[in-house]
Amino acid sequence: MLPETLHPKLLRQLELLKLRARRRFLGTKQGGHLSLRRGHGIEFSDYRQYQAGDNPRNIDWGIYARSDRLFIKRYQEEQDLTVLIVVDSSASMAAPLTESKWQYARDIALAAVYIALMQQDSVVLAAPEQLQTAKVSGAKAIHNLAAQLLQVQAGGQPDLARAVQLAAAQVRFPGVAIVISDFLLPLPQIFATFNALRARNLDITAIQVLSQQDFKPWASQLATTCVDSETAEELNIDLGLEGQQRYSLLLAKHNQNLLNYFAETQVSFSQITTEEDFDFAIIECLLESGLFR
Amino acid sequence: MNLLATTSWGLLWPAGLILLPLIVAVLIYAYLRQGQSKKIVVPTLMILRALSQVERARQKIRLPWRFFFELMVLLLLLAGATGLYRDKAATVMAIVLDNSLSMSLIDTTDPLAQSLLEIAKRDLSLILAGLPSNQELEIFTTSPVLKALSQEALTPSQATRLLDAVAVIPGSDDLTTPLKSLASAKRFAKITVLTDKFVDSASATPSDSRIELKVIQPQQGRAAAQNIAINEIALERAADGRPATVKVWLSAYIHAPLETELSLAGLQDNAQEFEAAAKIGLSLKAGLQEASFAVPPGNWRAFRVSLAPPPGSPALLADWIRLDNFAWITVKAAEGELILVSPLSARELGLSQLPQFTVKQLTLERIADQVDNISQGAIFVFHRFVPDFLSSHNFLLVYPQNDSKYAGIKAHQKAGALADWKEHHPILSYLNLPLLQLKSALTLKGEAGAEELIATTDGPVLLAYQDSIRKYAVFGFELFPFRGKASPLLSILTLNALSWLGQGESFSDYQLAPFSPHSVEGLSQIDSLPIRGPKFLGKSADPLTAGLYQIAPAGLIAVNYFDQGESNVSSPATVSLPTLKEADFPTDQRDKASFYFATLATLVLAALIMESVFLIFVRWQRSRV
């Protein structure tokens with residue numbers, strides 16, 4: 001059962017999107033993606049010299065007429081893709097309760113799952129320390145995956161890098177990885193997470209989900225006690241205007257560091273905030289990531 | 001003399017300052033707690049942690065402006081709670097001008113022929129001229145009661161202008177009591193008294209050093225002073241139809257026998273002027289003397305008796321005080337009936353001195369059986385007796401001893417100060433009762449609807465009630481015996497009460513009659529002791545001169561009583577100077593403390609309102625951002 005945010009109208013819009021790997025991968029089954037294998041696919045790839053035993057049907061007679069030389073047409077074989085979707089289910093995704101980033105992240109993950117399954121790709125869905133599905137395919141699998149994901153409650157302080165590593169191990173063949181998180185983690189942890197995916201030679205996309213409180217944690221109280229959602233550590237802050245500006249700068253700097261890393265490592269990136277309209281934002285976010293078209 | 005003002009600040013309850021460190025500590029703690037009171041769960045402290053470290057490195061501990069503002073507000077409250085006051089040293093000079101009858105003495109041997117009062121005013125003008133122009137003064141006259149000439153302090157020039165209005169007013173020749181009142185006021189740095197009285201040699205010492213007595217004496221001295229005076233007048237009616245007689249008692253303080261004339265003038269019923277009725281020659285000797293007139297036929301309303309040496313007579317030089325040469329009396333047929341119910345007789349209670357009433361006395365027993373014979377217009381006078389039955393007659397009840405629904409006794413008060421009185425009631429008209437000291441009174445609770453006319457600090461001691469059936473007045477203090485001018489306050493109270501209880505007849509005068517005080521066991525006296533600005537509420541043009549005045553609408557004749565001793569020019573009254581007594585808690589100081597508390601409380605309230613408005617505005621601005 002899909003959540004209400006993935007209503008039929010949005011699903012029809014999602015069906016129009018295609019998950020597009022930016023690289024060509026080697027799959028085992030015929031699917032919707034271009035494979036490195038040359039074979040009997042639909043799309044012409046290139047020529048090679050005729051060798052004894054080749055199917056004469058593939059001889060390009062036009063080239064022979066022009067060059068008196070025999071060449072065989074090569075076609076690209078369409079292969080299936082494995083899509084690894086990791087949703088950060090740590091406690092920070094559940095704070096604040098009024099602006100649940102977790103719901104947004106979960107729904108984005110389900111949208112990506114839906115698109116992948118509809119185009120006959122395989123999907124591995126993971127929420128660190130709470131969910132690790134096997135590779136599934138087929139459109140009907142969406143309901144099962146949605147049911148499992150809906151049972152996940154954001155909380156705790158899971159090791160994202162470790163969880164990603166374990167999930168990536170399920171992906172036997174190179175594919176696409178989508179990591180959905182707020183990425184409000186120390187950069188080394190983020191790097192470790194994505195390095196584990198890069199080691200698998202996956203086409204990686206990062207989707208950052210942020211809430212209004214991430215930008216202004218002090219709300220209406222300048223003098224307040226902030227409690228870390230994951231560690232329960234308390235910190236008294238008393239921010240004046242200068243402090244608020246400095247916080248905004250530091251957050252922007254953190255995000256900029258992320259972007260720099262993603263640019264260096266060819267990780268696609270898009271950002272969504274919980275105050276945006278979900279129906280509109282999810283399409284924009286998926287398109288912006290470059291993974292969908 | 002220049003009395004320079006000095007100011008010192010003080011706290012009535014300095015022990016309250018111990019709260020100061022507590023207040024500061026609590027306020028600091030509150031502000032420290034303010035940040036801790038709100039907890040917000042945030043996704044991560046990662047960035048905030050870095051931020052706060054930098055902020056801590058940059059900033060010292062900083063208290064917001066609100067802290068200092070609220071600290072100021074709390075300090076203001078503390079100052080008010082500890083009784084901040086400014087004690088201004090006494091700088092006001094009090095001048096007491098004795099304007100009693102004895103000050104009207106004119107030394108006939110003095111070519112200037114100025115009265116002692118005029119001499120006193122002349123001397124006072126010289127004193128005022130020598131004072132700094134900014135010296136604050138309060139001028140008082142003493143007769144008939146202590147009275148200030150103005151509500152506020154005066155400058156010397158202002159005071160000089162007011163002196164012309166001061167005149168001799170016959171009254172109780174008591175200077176001791178007014179001085180005692182003034183001495184209790186801390187605001188006076190000096191009290192100068194101009195009087196003809198000497199200090200009583202028996203005065204307690206040390207006396208209040210602020211008081212300076214200037215004794216005004218005739219040029220020739222007291223020994224040369226002479227005076228003739230009318231002390232009393234009475235109208236005696238003969239029971240056998242013979243003409244009434246006007247009896248006059250005279251006193252002469254003279255060195256040698258004196259030939260004088262005693263004149264009788266009468267006021268006919270419809271006339272406006274007195275007309276001469278009779279005259280007798282008198283040969284006065286030093287001491288007391290009697291004379292009498294047969295009342296001539298006529299429809300007389302009042303008589304005036306005047307004593308004077310014949311015109312041009314050298315005896316004029318022997319009369320140094322003229323105001324006491326006159327007396328008035330009204331003539332009126334008895335028109336009211338008083339029904340006395342008392343263990344004492346009418347004579348003992350002085351009711352026989354009220355000629356306009358016939359007094360009938362009932363026995364204490366079986367009153368109900370006797371009521372049928374009493375006319376409806378009669379007024380019952382219950383004295384020290386409350387019957388178990390009341391008719392529909394109006395009644396006056398004095399000094400009740402038993403519980404009744406009309407006057408239940410609440411408590412017996414040994415002594416108490418007047419707390420409140422209802423000036424508007426006819427029984428209290430023409431009286432000013434501030435600080436009435438009751439030596440003995442019973443606090444009362446009256447019938448529902450009874451109006452509380454005089455109350456002590458414990459409760460009402462005079463009630464009045466009126467409905468469609470009857471009127472009654474209940475006195476919780478002894479009203480009798482009726483003494484006439486010897487006890488003016490009581491007398492007017494009695495006359496007012498009887499007038500109000502009467503059947504609408506305009507009650508007129510009473511008789512200036514001799515009365516020997518009859519000592520009745522248990523009867524107590526009432527002293528009136530006003531301090532400031534009492535007004536003698538007569539509406540006559542000159543109500544303070546001895547005589548009879550018809551005052552509308554109550555119809556009461558206001559009479560002035562002067563002390564017989566004032567006519568005794570050879571032996572003037574003395575004055576006892578008060579001793580200086582430090583009050584434990586001076587009224588002025590307490591008033592100033594109250595003043596500052598009110599001011600501080602107002603400032604605190606204004607500050608809190610301003611802060612609230614400012615905070616609302618700031619929050620509104622933030623919500624917009």
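Laboratory data are not the source of any read-out in this text; all were calculated from the coordinates shown. No experiment lies behind these values; they were computed from the predicted model shown. Backbone-built Cβ (ideal geometry, glycine too); neighbour counts: all protein chains shown.
Residues whose amide H comes within less than 5 Å of that of B:E138, counting only those at least five positions distant or on another chain, are B:M93, B:A94, B:I95, B:L154 (H built at 1.01 Å from N in the peptide plane). To the nearest 0.05, what FRET efficiency results for B:S623 and B:L603 with a Förster distance of 25 Å applied to their C-beta separation? Efficiency, rounded to the nearest 0.05: 0.25. Applied to the stretch B:134-141, the Karplus parametrisation 6.51 cos²θ - 1.76 cosθ + 1.60 on θ = phi - 60° returns per-residue 3J(HN,Hα) values of 9, 5, 8, 10, 10, 10, 10, 10 Hz, with x for Gly and Pro.
Take the alpha carbon gyration tensor of the stretch B:212-254, find the square roots of its eigenvalues, order them as a ≥ b ≥ c, and report rounded if a/c is under 1.5; if not, report prolate when a/b exceeds b/c, else oblate. Could you put the intermediate results ahead of the total?
On the way: a/c = 8.52, a/b = 3.50, b/c = 2.44.
It comes out prolate by the Cα gyration axes.
Jot down the per residue volume, in cubic angstrom and as a whole number, of the convex hull over the alpha-carbon atoms of the stretch A:90-167.
Details: hull volume 6.1 nm³, N = 78.
Hull volume over Cα atoms, normalised by residue count, gives 78 Å³.
Structure note, pairs A:K9/A:K135; B:K445/B:K471; A:K101/A:K216; A:K9/A:K101; B:K247/B:K279: Cα-Cα distances above 18 angstrom occur for A:K9/A:K135; A:K9/A:K101. Amide hydrogen proximity for A:V176: with H placed 1.01 Å from N in the peptide plane, the residues at 5 or more positions away or on another chain lying under 5 Å are A:T82, A:V83, A:L84, A:D203. Per-peptide packing, taken as the mean over residues of other Cβ atoms within 10 Å, places B:98-105, B:65-72 in the sequence B:98-105, B:65-72 from highest down. The simple spin-label model puts a point 7 Å past each Cα toward its Cβ; for B:I18 and B:A286 those points are separated by 7.2 nm.
Could you sort the peptides B:108-121, A:105-118 by per-residue average Cβ neighbour count (10 Å cutoff), highest mean leading?
Numbers: B:108-121: 17.4, A:105-118: 24.5.
Packing proxy ranking, top to bottom: A:105-118, B:108-121.
Which entries in the list B:K121/B:K180; B:K147/B:K422; B:K180/B:K214; B:K147/B:K190; B:K121/B:K214 go over 19 Å, if you measure between the two C-alpha atoms of each? Pairs exceeding 19 Å: B:K121/B:K180; B:K147/B:K422. At an R0 of 60 angstrom, the distance between the Cβ atoms of B:I616 and A:E15 translates into a FRET efficiency of 0.65. Of the peptides B:444-452, B:302-310, the order by per-residue mean of other Cβ atoms within 10 Å, starting with the highest, comes out as B:302-310, B:444-452. Spacing of the modelled spin labels on B:E273 and B:V26, each 7 Å from Cα toward Cβ, amounts to 8.2 nm. What the Cβ-Cβ distance of B:E236 and B:K186 gives, at R0 = 45 Å and to the nearest 0.05, is a FRET efficiency of 0.25. Averaged over the residues of A:230-237, the number of partner chain Cβ atoms lying within 10 Å of the residue Cβ comes to 4.
Modelled spin labels at B:S375 and B:T109, positioned 7 Å past Cα toward Cβ, are 5.9 nm from each other.
Across the alpha-carbon set of the stretch A:141-191, the Rg to Rh ratio works out to 0.99, Rh being the Kirkwood radius. Peptide A:244-257 has a mean shielding of 2, counted as Cβ atoms of other protein chains within 10 Å of each residue's Cβ.
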